[in-house]
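A.B. asks: So that we are looking at the same thing, I have put the structure below in structure tokens.
Bear in mind that the values in this text are calculations on the coordinates, not laboratory data. Only a predicted model underlies this, so the values are computations on that prediction, with no experimental measurement involved. FYI the Cβ positions are ideal-geometry reconstructions off the backbone, even for glycines, and counts take in every protein chain you see.
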Amino acid sequence: GEDVEQSLFLSVREGDSSVINCTYTDSSSTYLYWYKQEPGAGLQLLTYIFSNMDMKQDQRLTVLLNKKDKHLSLRIADTQTGDSAIYFCADFYNTDKLIFGTGTRLQVFP
Amino acid sequence: DTEVTQTPKHLVMGMTNKKSLKCEQHMGHRAMYWYKQKAKKPPELMFVYSYEKLSINESVPSRFSPECPNSSLLNLHLHALQPEDSALYLCASSSATSGGPGRNEQFFGPGTRLTVL
């Protein structure tokens, strides 16, 4: 089955850029997603990228996709304390379900 | 209305109780999902309903019983749960259904925090 991995923790200073990385194993992935989860809350869809794209920019968010290496990243520019949360990448696997990565906890300090 | 609502927010139940979790959306979505999320872990898919029919059951124990009475509502009936079933239960909905083309953005509710004593 599909396996989606992320680094567990990232700490950045307010105003810096954050880069959260994700690797996946399914070469037939069509859409890859980034979700944000704040403490005690549900998941909020941030952005997605279609598999025939290399990059997608959406305001402060930039998604990069390297299909050859099966590597996805999310860059948050000018990171704010409100960006502190857990970030999950997700692969729309085999047209049936979302497979979530292990999650990266982003901590932003002043 | 782009919201998925879930009730209750918190639920504490004993192992002999019967309770239900409720989920509602008014976005016209025809696919609805139940996920279970343990602390510090990603959500795990439990069930998928497509056009009010159960399309995926991820080998969930029978003490969890889903129901989709109409296209806007999704219930999860709970009976004889175990303490290890304590978790955040998330409901989601999407417009694209299983096997369909196009993106499958899932919109999540805030979840029900379940504690089984």
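A.B. asks: Checking the a/c ratio against 1.5 first, then a/b against b/c, what shape does the Cα gyration tensor give for chain B?
C.D. replies: Taking the square roots of the gyration eigenvalues as a ≥ b ≥ c, chain B is prolate.
A.B. asks: Which lysines have a Cα lying under 23 Å from the Cα of residue B:9, excluding residues fewer than 8 positions away in the same chain?
C.D. replies: A:36, B:18, B:19, B:22, B:36, B:38, B:40, B:41
A.B. asks: If you take each beta carbon of peptide B:38-44 and count the beta carbons of other chains within 10 angstrom, what is the mean?
C.D. replies: Mean partner-chain Cβ count within 10 Å for B:38-44: 5.
A.B. asks: A further question follows. Please list, in chain and number order, the residues 5+ apart from residue A:46 or on another chain whose amide H is under 5 Å from its amide H, with Hs placed from the backbone.
C.D. replies: Here A:34, A:35, A:36 satisfy the definition.
A.B. asks: Pull up all non-local amide H partners of residue B:55: gap of 5 or more, or a different chain, and H-to-H distance under 5 Å with H placed in the peptide plane.
C.D. replies: B:48, B:49, B:50
A.B. asks: Show me, for segment A:12-20, the HN-Hα J-couplings you get by feeding each phi into the Karplus relation (A = 6.51, B = -1.76, C = 1.60, θ = phi - 60°), rounded to Hz, glycine and proline as x.
C.D. replies: Per residue, the Karplus-derived 3J(HN,Hα) values read 9, 8, 4, x, 7, 8, 10, 10, 10 Hz.
A.B. asks: Expressed in whole Å with the largest first, what are the equivalent ellipsoid semi-axes of segment A:33-110 derived from the C-alpha gyration tensor as the square root of 5 times each eigenvalue?
C.D. replies: The answer is 22, 16, 10 Å, longest axis first.
A.B. asks: If I take all pairs of Cα atoms in the protein assembly as shown, what percentage of them are more than 21 Å from each other?
C.D. replies: So the pairs more than 21 Å apart make up 56 percent of the total in the protein assembly as shown.
A.B. asks: Using Cα-Cα distances under 8 Å and only pairs 6 or more residues apart, what relative contact order does chain A have, in percent?
C.D. replies: Dividing the mean separation by the residue count of chain A yields 39 percent.
A.B. asks: If you place +1 on the Cβ of every Lys and Arg, -1 on the Cβ of every Asp and Glu, and leave all else neutral, what size is the dipole of segment B:29-82 about its Cα centre, to the nearest 20 Debye?
C.D. replies: I would put it at about 240 debye.
A.B. asks: Compute the relative contact order of chain B as a whole-number percentage, counting only Cα pairs closer than 8 Å that sit 6 or more residues apart in sequence.
C.D. replies: 36 percent
A.B. asks: Among A:14-21, B:70-77, what's the highest-first ranking by average C-beta atoms within 10 angstrom per residue?
C.D. replies: In descending order of packing, they fall as B:70-77, A:14-21.
A.B. asks: From the backbone phi of segment A:74-83, what are the Karplus-calculated ³J(HN,Hα) couplings (6.51 cos²θ - 1.76 cosθ + 1.60, θ = phi - 60°) in whole Hz, Gly and Pro given as x?
C.D. replies: Whole-Hz 3J(HN,Hα) from phi for segment A:74-83: 10, 9, 10, 7, 6, 4, 10, 4, x, 7.
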